[in-house]
Amino acid sequence: MAIFQKRSPDNPLSALEPEAPERVPQPLTPPPAPPQFLRETEVRTSIGADAVINGKLSFTTPTRIEGKLKGELRCTQLLIIGAKAVVEGWVKADELRIEGLVNGEVAETRKVEVCDRGKLTGKVSAQLLVVRDGAFFEGECVVGPDTPVTHEETATRE
């Protein structure tokens, strides 16, 4: 409530009239969900661009790799190889999206997608292989609905 109010020249008693009630804010409603093609699976694990790893990594959550990895990489969900990432070795994931460079073997994967500017060199064994415009793929592939995909942890590769 204001202490001073401006009087109307037409009605000098207008300052004595009660003020209009304050507006009660309405509850906010969440925005509608974006279309399916715009939704990104929530990445819960991330390896930064400055990381250099030699060895074996295994993830059970959607993961994004931006650094350099040489060795073995397993993920039971979505695995994104970022635009600046370099992965050399053996890769197994439920779904693999390559935006950077993968050199080696991709095995027992349900879906492999090589995005524009992504590079995949080596062997691929997947149920579905998508190579986008501007992407690079060189190597051998076994692709089809009958290609085996296992989600159980297998024995250590040699």
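Each value in this text was obtained by applying a stated rule to the coordinates, not by laboratory testing. As the structure is a prediction and not an experimental result, all values here were calculated from the model. Cβ sites come from the backbone with ideal geometry, for glycine too, and all protein chains shown count toward neighbours.
Based on C-alpha pairs under 8 angstrom that are at least 6 apart in sequence, segment 43-143 has a relative contact order of 17 percent. Considering segment 43-143 at the alpha-carbon level, its Rg and Dmax are found to be 11.8, 34 Å.
Summing +1 for each Lys or Arg and -1 for each Asp or Glu among the other residues whose beta-carbon sits under 9 angstrom from that of residue 126 gives +1. Taking the average, over residues, of other Cβ atoms within 10 Å as the packing measure, peptides 42-49, 75-82 rank 75-82, 42-49 from highest down.
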